Amino acid sequence: MEFSHFSVLKAESIDALNIKPDGLYVDCTAGGGGHSLEILKRLDTGKLIAVDRDPDAIEVLKERFKDFDNVEIVNDTFDNIRAILGERKADGILADLGVSSFQLDTAERGFSFHKDAPLDMRMSKSGVSAADLVNTLSAEELTRIIRDYGEERYAKSIASNIVSSRKEKRIETTFELVDIIKKSMPMKAMRDSHPARRTFQALRIEVNGELEKLSFSLDEMFDCLSVGGVLAVITFHSLEDRMVKQRFASFCQGCICPREFPVCVCGRTPSGELVFKSKKPSEKELEINQRSRSAMLRAVRKLKEREKENGLPDTEKSI
């Protein structure tokens with residue numbers, strides 16, 4: 001099995017991790033192992049933990065790294081990073097949140113609106129599929145998913161037509177869904193990009209619980225870093241990037257006293273510092289891989305353990 005995947009922002013993310021030869025690193029979304037291999041090249045006595053939820057990716061990783069004795073390969077999701085690491089602390093953690101080229105290009109996985117295939121979209125190849133969602137959820141639920149996760153202005157029309165169409169026949173394939181989406185939008189809305197792009201994104205996010213996992217996992221990944229360690233995250237749409245940007249900002253926030261306080265009494269100091277604000281793919285990378293056009297890399301370095309988010313300390317509440 002060949003797991004084809006362009007490692008987006010590879011040089012930039014590896015530079016951000018500032019890899020120590022004896023460090024412990026986690027590639028939370030190892031995929032075809034592109035980022036992982038670059039980490040391994042820089043390790044001496046250090047170790048890499050390569051994690052992926054896709055069983056196909058795990059088989060490829062096992063084969064690709066069979067000659068390395070400092071790699072631990074784990075079939076799991078990154079929201080379980082605390083259990084994966086146990087008592088260990090990582091010197092760097094990388095999460096590339098994009099769908100792999102292998103998943104997009106393998107028609108039967110049902111991720112691509114360019115290929116006719118079973119409507120699946122499950123990264124783990126288990127659980128509820130996209131077909132299950134479009135054939136069982138109410139119009140209201142479908143509207144919410146497509147609107148909130150796809151930021152699709154025609155969400156209500158698409159959801160209504162999905163419900164109408166499935167009364168005639170169960171929606172089984174990607175192209176059946178694409179046809180429904182096209183009938184739900186005016187021609188002018190289909191000029192700039194593929195009309196199904198936003199709806200497919202929304203369904204994929206819902207099927208795989210991507211945003212829920214990410215929200216929880218950002219705190220978990222930061223907490224699992226050693227002091228001085230770096231968390232680097234590559235996002236591919238505004239919903240992910242906004243969440244990462246805001247969470248990284250919270251890690252870097254110091255005083256939380258009310259503005260009317262003349263001096264700081266909370267004593268809170270930042271738990272992290274930004275390695276840089278953000279980085280996008282270079283023009284050279286875009287020429288090689290157009291799929292990287294929406295990618296955004298953000299990185300934060302841990303300065304100390306996070307303080308509890310309980311507002312001001314008890315001593316301030318009496319002021």
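Descriptive notes on the structure:
- Taken along the Cα-to-beta-carbon direction at a fixed 7 Å, the label points for residue 139 and residue 265 span 5.6 nm.
- Cut-off 15 Å (backbone N to label point 7 Å along Cα→Cβ of residue 290), residues of region 192-235: 192-195, 197
- Spacing of the modelled spin labels on residue 193 and residue 175, each 7 Å from Cα toward Cβ, amounts to 2.4 nm.
- For residue 93, the residues whose modelled amide H falls within less than 5 Å of its own, excluding neighbours fewer than 5 places apart on the same chain, are 26, 230, 231, 232.
- Positive end of the dipole of the chain (Cβ unit charges, origin at the Cα centre): among 195, 102, 36, the Cα lying farthest that way belongs to 195.
- Peptide packing for 251-263, 292-304 was compared via the average number of neighbouring C-beta atoms within 10 Å per residue; ordered from the highest value, the list is 292-304, 251-263.
- Remark: the residue 215-residue 253 segment gains 11.9 nm on full extension, using 0.36 nm per residue and subtracting the alpha carbon distance.
- At a probe radius of 1.4 angstrom, the accessible area of region 1-69 per residue rounds to 45 square angstrom.
- Reach of residue 308 by Cα under 12 Å, taken over aspartates and glutamates that are not fewer than 8 positions away in the same chain: 219, 223
- Highest average packing first - 223-235, 185-197, Cβ atoms within 10 Å: 223-235, 185-197
- Accessible surface of the chain [probe 1.4 Å, protein heavy atoms]: carbon and sulfur percent: 48
- Relative contact order of region 166-310, pairs being alpha-carbon contacts under 8 Å that are 6 or more residues apart, as %: 24
- Restricting the calculation to alpha carbons of the chain gives Rg and Dmax of 21.5, 67 angstrom.
- Each Lys and Arg Cβ is given +1 and each Asp and Glu Cβ -1; about its Cα centre, the chain then shows a dipole of about 1000 debye.
- Prolate/oblate/rounded label for region 192-271 (Cα gyration tensor, a/c 1.5): prolate
- Mean separation of Cα contacts under 8 Å (6+ apart) over length of the chain, as relative contact order %: 17
- The sum of -39500 (n - 2.57) across all DSSP H runs of n ≥ 4, divided by the residue count of the chain, sets its helix-only mean residue ellipticity at 222 nm to -11500 deg cm²/dmol.
- Accessible area expressed per residue, region 101-250, with surrounding protein chains retained (probe 1.4 Å, Å²): 44
The values are calculated or read from the model by the stated rules, or taken from the named source; none is laboratory data. What you see is a predicted model, and the numbers here were worked out from it, not measured in a lab. Reconstructed Cβ throughout: ideal geometry from the backbone, glycine too, with neighbour counts over all protein chains shown. Heads up: the accessible areas ignore ligands, DNA and RNA and are worked out on the full protein's heavy atoms, side chains in. Shrake-Rupley method; radii C 1.70, N 1.55, O 1.52, S 1.80 Å.
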